[in-house]
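K.L.:
Quick one: the structure is below, and I'll ask about it shortly.
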Amino acid sequence: MLKWIARKIFGNRNARVLKKLQPQVDQINAFYASYQSLSDEQLKAKTSEFKARLQDGETTDDLMCEAFAVVKDACRRLKESANPEENTVTVTGHPLRWDMIPFDVQLIGAIALHQGNIAEMATGEGKTLVATMPLYLNALTGRNVQLVTVNDYLARRDSEWMGHVLKWLGLTIGCIQNNMSPTQRREQYACDITYGTNSEFGFDYLRDMGMATSSEDLVQRDYFYAIVDEIDSILIDEARTPLIIAGPAKVSTHMFDKLKPIVAELYHRQYQLMANLLQEAKTTLADPDATAEAIDEAYLKVAKVQLGMPKHKQLMRLMEDPSIRKALDRKDIELHDDNNRGYLQRVKESLFFGISERNNEADLSEKGRQFLRPGDPDAFVIPDLPTIFSEIDSDNTLDEAAKLEKRKQAQMEYDKKSEIIHNISQLLRAYCLFEKDVHYVVQDNKVIIVDEFTGRPQPGRRFSEGLHQALEAKEQVKIERETQTLASITIQNYFRMYDKLAGMTGTAETEATEFKSIYNLDVVVIPTNRPCLRIDHNDRVYKTQREKYAAMINEIIECNKRGQPILVGTISVEVSELLSRLLQRRNIIHNVLNAKHHQSEAEIVARAGQFGAVTIATNMAGRGTDIKLGMGVKEVGGLHVLGSERHDSRRIDRQLRGRCARQGDPGSSRFYVSLEDNLMRLFGSDRLTSIMERMGLEEGEELSHSMLSRTIQGAQKRVEQQHFAVRKRTLEYDDVMNKQRGSIYELRRNILVTEDTRDLLLNYIYTAVSERVESAFASRPRQEALDLTDLKDWLARTIPVGFAPETFTHHETEEALSQSIMARIEEAYNIKERAETPEALRWLERYVMLNALDNLYQEHLYAMDSLRQGVQLRSYGQRDPLVEYKQEAYNLYASLMDSIKDEICSNIFRLSMVNPAQIEAARAAAKQEAAQKKNARISEIHESLQAFAGLEETREQNPSGAAIAPLRREQPKVGRNEPCPCGSGKKHKLCCGR
Ligand code: ADP
Ligand code: MG
């Protein structure tokens, strides 16, 4: 009922939106008609006319209808032109006849994009062309407008293709490709419109903000308006992978190699245990004389295997029997029943560890801990540092030096223990949850991730948080040095920087809530140009994968006999290869694609609509390429699409179906499902069992039941929700970083672009001084004399300048004292300045500021990394790790700000450019550092999927009440004139620091 109402409202809203856009479409067409009489030159002159009108105060909204009409008329002229220079464009090396004039529905899409919405337009509706209109309009402002594509090939294709009409109208078009140098990139961004992939844009941002050492190094110029093509793929599927630039860590602390043998042994023991349990259970179940009690006992054994090794091959076999499945479901309910508290716990304790496939977690039991660290019950209890520290501090028998030494020891012990616990848990995950040739492959002595969406190997990507090293230990290949984050951002936060964002895709509607809540983007569903004729057949469901694949092959052969082209979509490379082998055996000629070579695959996919073609493709292969039907194909029903299983989300199913029946063509689609598919196994409900029972058990028999399709949908919704929760969680954590990153990058940019480095530098010093003065005043007891000892100590430590006692006599007000100290510092600085060459000093000023910022920020990122891992280990009663994280992050940031200023104060006086040797040394050091940064292995790191989803489990696992504070510095404080770290944009003293 509710759903029905929602659909009704949503439907109505969409209809209202569309209705509102109609008059504007009419207006565009009226302008279009009136432009026909203009000469080419007059039409082209519109571009500069619009630019001038924007200068004079009109807005892009005011100009929209005219500008879109200009683009439409330009398209018409190119199409009708007899000049081959105009009517033909070279796209990725092939000549292409320009034959497009936007349809009315495309105009509607263009308006939706200009207004910052997501335009949902089915595959083949011509979204590439739609984007040209808002791109043109928004680029007239002179700011850099961007179009984001899913791969380099599409960026190039679309920029060349659409560049044809945009250039004709006098705009410049750029395209970012992976192998471009910074100079080339800068040229591309300097264009009016720039095409590129999301990761190129994101990494350019990180390099600009975090690594450029002079303003000439910056390549991007604007974050104004971006249209994201295939927006669901980029903002939803890819959003779980933050972009990370990483360099090798300075120190290596892991113990994967040392711990591997024992964890391997543990895994082996569990395996044996499972095999034995299964054997015993099978014997009992096969025994006709077994008592009810014995049978129940046997099912408990099987249930244990489910907990301890859910993918055990023999277990999977057993589960094919519906009666066993049913009994197990009952066992499962019994185990999780609230009236049976402690039962599950006891069962788990009989195993070495438990595995939760859903949460992607492996959970050590007491028995497992005993095995790993016999006779050392404390091995897995993390010491409670704050308590230990306070005990040390209140121990009067110790002098300061001894206290410091004890603290150091406690810290070291703590670090070592948490490293061991962390390493063991990652090794366990590596053994239990990550399968070779499914999640990763081993090539050339390296562990290479297999992308879960495209199924293709991703050299250079690494799982984060040590998981990758754990896999390297497991596979006995070289364990790479751990990496340290130099800069990172999530795709979500990157795109939230833009003034205006828009997107287009064939499938956004099911994710409309997420787009709204995270990006504030509305989805507008645009009607198709011609009615869609696609027939979506009911799913065919089988008990086992074996039966499913056999049935698929039969259907493929049937279509092939008729000559009907067929496209088979698979989730993984593994399945596409399996199907390919089965087809080979039956002598069916076919193509297999797995998104490895974008260009050649695009060309093959484009031919998938030819008579008799059979194409097997993983999800992303050839996405964005349009499949045209060959001769005689309409007569045999158009393209037929087969899905080898239902995907994790309904959206991807729709995407696959959408590959056929474009632009009013005939076409059809069908999905195949087996109860062994991951989706069904993990998220299908217990109804499955009863359904299975009612069905026959004949090999190869198809199960068709109306309830099944509801079960499938239910399972998909559950996965969608879980993934949404993970993305949201990642984002919540990144939000904290994001605010800090924003402030730091702004400071950094300021240092890079400022003309007056001297002024900026003295400003930093002044802020530092006045804050210290302020705290001296603040700590003064009422009516008593000011104690300046701390202030003087600080000055002596950080600013190597002699201060006469008179400097400190002006202390009527904070202001007066700060001024007086500052006057002395400036005096000293002037003397220094006279001794140096001004040009060299300006260079030094910038260098000192950047250097302080970069080095300390990097340390800060490192601290934030360990904080993020640290909060997950916490089990403060009811406390929310996210809240803890925010608080600690705030403290860390505050002390970061303090240290940066101190570092600047002390370095500027210590370094001098007078001494030629020192100049050389400083420049050489700067150069080397810059080179190092350039060579820092820039790798996109794959955040382990459930980085935060398993928080609850982690808590259970550490009942020690461990609380830790990684790298907390004493007395954190934000400068009062600094931007507040809460991200309000106000100065700290006017915000949280009040
Ligand atoms: P989408 O991205 O929406 O799936 P594309 O932009 O790849 O679709 O376009 C699909 C096909 O439709 C292309 O071959 C393109 O040439 C064609 N096309 C798009 N718009 C028009 C138009 N207005 N008139 C004629 N053909 C068009
Ligand atoms: Mg497209």
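The values are calculated or read from the model by the stated rules, or taken from the named source; none is laboratory data. Just so we're clear, the structure is a prediction, and the values are computed from it rather than from any experiment. Note that we place each Cβ from the backbone using ideal geometry, even for glycine, and neighbour counts take in every protein chain shown. The protein model used for the area step is the full one, side chains on, heavy atoms only, and it has no ligands, DNA or RNA in it. Shrake-Rupley method; radii C 1.70, N 1.55, O 1.52, S 1.80 Å.
K.L.:
Give me, ordered by chain and number, the residues 5 or more places off Thr194 or on other chains with an amide H under 5 Å from its own placed amide H.
P.N.:
Val145, Gln146, Leu147, Gly174
K.L.:
Is the C-alpha gyration tensor of the stretch 198-312 telling us rounded, prolate or oblate? Criteria: a/c under 1.5 is rounded; beyond that, a/b larger than b/c is prolate, otherwise oblate. Write down the numbers at each step before the final one.
P.N.:
Working: a/c = 7.83, a/b = 2.41, b/c = 3.24.
Note, shape of the stretch 198-312 comes out oblate.
K.L.:
Could you list, bin by bin from short to long, the percent of Cα-Cα pairs of the chain in 20 Å steps?
P.N.:
11, 37, 35, 15, 2, 0
K.L.:
Quick one: ranking Val263, Val441 by accessible area, 1.4 Å probe, largest first, what do you get?
P.N.:
Most to least solvent-accessible, the answer reads Val441, Val263.
K.L.:
Okay, moving on. Please enumerate, by chain and number, the aspartates and glutamates with C-alpha under 12 Å from the C-alpha of Lys417, excluding those fewer than 8 residues away in the same chain.
P.N.:
Asp378, Asp384
K.L.:
Highest mean first, how do 728-737, 158-167 rank when packing is the count of other Cβ atoms within 10 Å averaged over residues?
P.N.:
Numbers: 728-737: 18.9, 158-167: 21.2.
Going by the mean number of other Cβ atoms within 10 Å, highest first, we get 158-167, 728-737.
K.L.:
Could you calculate the contour length gain from Glu826 to Glu85, that is, 0.36 nm times the residue separation minus the distance between their Cα atoms, to one decimal place in nm?
P.N.:
So the extension gain works out to 260.2 nm.
K.L.:
Please list, in chain and number order, the residues 5+ apart from Tyr440 or on another chain whose amide H is under 5 Å from its amide H, with Hs placed from the backbone.
P.N.:
Glu435, Val450
K.L.:
Also: Measure up Lys304/Lys543; Lys436/Lys543; Lys51/Lys167 against 20 Å on the Cα-Cα distance and list the ones that go over. Present the calculation step by step, with values, prior to reporting the outcome.
P.N.:
Numbers: Lys304/Lys543 23 Å; Lys436/Lys543 26 Å; Lys51/Lys167 15 Å.
Correct reply: Lys304/Lys543; Lys436/Lys543.
K.L.:
How much space per residue, in cubic angstrom, does the convex hull of the C-alpha atoms of the stretch 768-901 take up? Numbers along the way, then the final one.
P.N.:
Values: hull volume 19.0 nm³, N = 134.
Taking only Cα atoms, the stretch 768-901 has a hull volume of 142 Å³ per residue.
K.L.:
Using the alpha carbons of the stretch 284-410, what is the convex hull volume per residue in cubic angstrom, as a whole number? Please list the in-between numbers first.
P.N.:
On the way: hull volume 22.6 nm³, N = 127.
Hull volume normalised by residue count: 178 Å³.
K.L.:
What trypsin sites (Lys or Arg not before Pro) does the stretch 192-262 have in DSSP loop regions with at most 15 other beta carbons within 10 Å? Write down the numbers at each step before the final one.
P.N.:
Details: sites: Arg207, Arg221, Arg240, Lys250, Lys258; in loops: Arg221, Lys250.
Filter output for the stretch 192-262: Arg221, Lys250.
K.L.:
State which entries of Lys46/Lys72; Lys72/Lys628; Lys301/Lys348; Lys260/Lys416; Lys500/Lys728; Lys326/Lys548 exceed 19 angstrom in Cα-Cα distance in the structure shown.
P.N.:
Working: Lys46/Lys72 13 Å; Lys72/Lys628 24 Å; Lys301/Lys348 12 Å; Lys260/Lys416 16 Å; Lys500/Lys728 21 Å; Lys326/Lys548 22 Å.
Violating the 19 Å limit, Cα to Cα: Lys72/Lys628; Lys500/Lys728; Lys326/Lys548.
K.L.:
A further question follows. For the chain, which whole percent of the accessible surface, found with a 1.4 angstrom probe, sits on carbon and sulfur atoms?
P.N.:
Numbers: 22030 of 44260 Å².
Here it works out to 50 percent.
K.L.:
A further question on this structure: Do you know the relative contact order of the chain, to the nearest whole percent, from alpha carbon pairs under 8 angstrom that are 6+ apart?
P.N.:
Once divided by the residue count of the chain, the mean separation gives 13 percent.
K.L.:
Can you list, bin by bin at 10 Å, the percent of alpha carbon pairs in the stretch 164-205, starting at 0?
P.N.:
P(r) for the stretch 164-205, in whole percents per bin: 29, 53, 18, 0.
K.L.:
Please list, short to long, the whole-number percent of alpha-carbon pairs of the stretch 442-562 in consecutive 5 angstrom bins beginning at zero.
P.N.:
The percentages, shortest bin first, are 2, 7, 9, 10, 10, 11, 13, 14, 12, 8, 3, 0.
K.L.:
If you plug each phi of the stretch 411-419 into the Karplus form 6.51 cos²θ - 1.76 cosθ + 1.60 with θ = phi - 60°, what whole-Hz ³J(HN,Hα) values come out, in order, with x for Gly and Pro?
P.N.:
Couplings: 4, 5, 5, 4, 4, 5, 4, 5, 5 Hz.
K.L.:
I want to check the label-to-label distance for Arg53 and Ser34. Put each point 7 Å from Cα in the C-beta direction and report it in nm to one decimal.
P.N.:
About 0.9 nm, to one decimal.
K.L.:
What are the residues whose amide H is under 5 Å from the amide H of Thr88, where those residues sit 5 or more places off or on another chain and H is modelled from the backbone?
P.N.:
The answer is Trp98.
K.L.:
Compute the accessible area per residue over the chain, keeping the other protein chains in place, probe 1.4 Å, unit Å². The partial results should precede the final answer.
P.N.:
Details: 44260 Å² over 994 residues.
Accessible surface, normalised per residue, equals 45 Å².
K.L.:
Apply the Karplus curve 6.51 cos²θ - 1.76 cosθ + 1.60, θ = phi - 60°, to the phi angles in the stretch 810-821 and return the couplings in whole Hz, x for Gly and Pro.
P.N.:
Those phi angles translate into 7, 10, 4, 10, 4, 4, 4, 5, 4, 4, 5, 5 Hz.
K.L.:
Hey, another quick one. Pull out the extension gain between Ile535 and Leu398, defined as 0.36 nm times the separation in residues minus the alpha carbon to alpha carbon distance; nm, one decimal.
P.N.:
Details: separation 137, 0.36 × 137 = 49.32 nm, distance 8.21 nm.
Taking Ile535 through Leu398 to full extension adds about 41.1 nm, to one decimal.
K.L.:
Using helices alone, what [θ] at 222 nm do you get for the chain, with -39,500 (n - 2.57) per DSSP H run of 4 or more residues, divided over all residues and rounded to the nearest 500?
P.N.:
On the way: 34 runs with 543 residues, N = 994.
Taking each H run of at least 4 residues, the total per residue is -18000 deg cm²/dmol.
K.L.:
Report the trypsin sites (Lys or Arg not before Pro) located in the stretch 560-639 that are in a DSSP loop and have at most 11 other Cβ atoms inside 10 Å of their Cβ, or state none. Show your work: numbers first, answer last.
P.N.:
Values: sites: Lys561, Arg562, Arg581, Arg585, Arg586, Lys596, Arg607, Arg623, Lys628, Lys634; in loops: Arg586, Lys596, Arg607, Arg623, Lys628.
Taking the stretch 560-639 and a limit of 11 other Cβ atoms within 10 Å, the loop trypsin sites (Lys or Arg not before Pro) found are Arg586.
K.L.:
How far apart, in nm, are the 7 Å Cα→Cβ label points at Asp296 and Asp787?
P.N.:
7.3
K.L.:
Which value results for Rg/Rh of the stretch 813-855 when Rg is the Cα radius of gyration and Rh the Kirkwood radius based on the inverse mean 1/r?
P.N.:
Details: Rg = 13.5 Å, Rh = 12.0 Å.
Value, to two decimals: 1.12.
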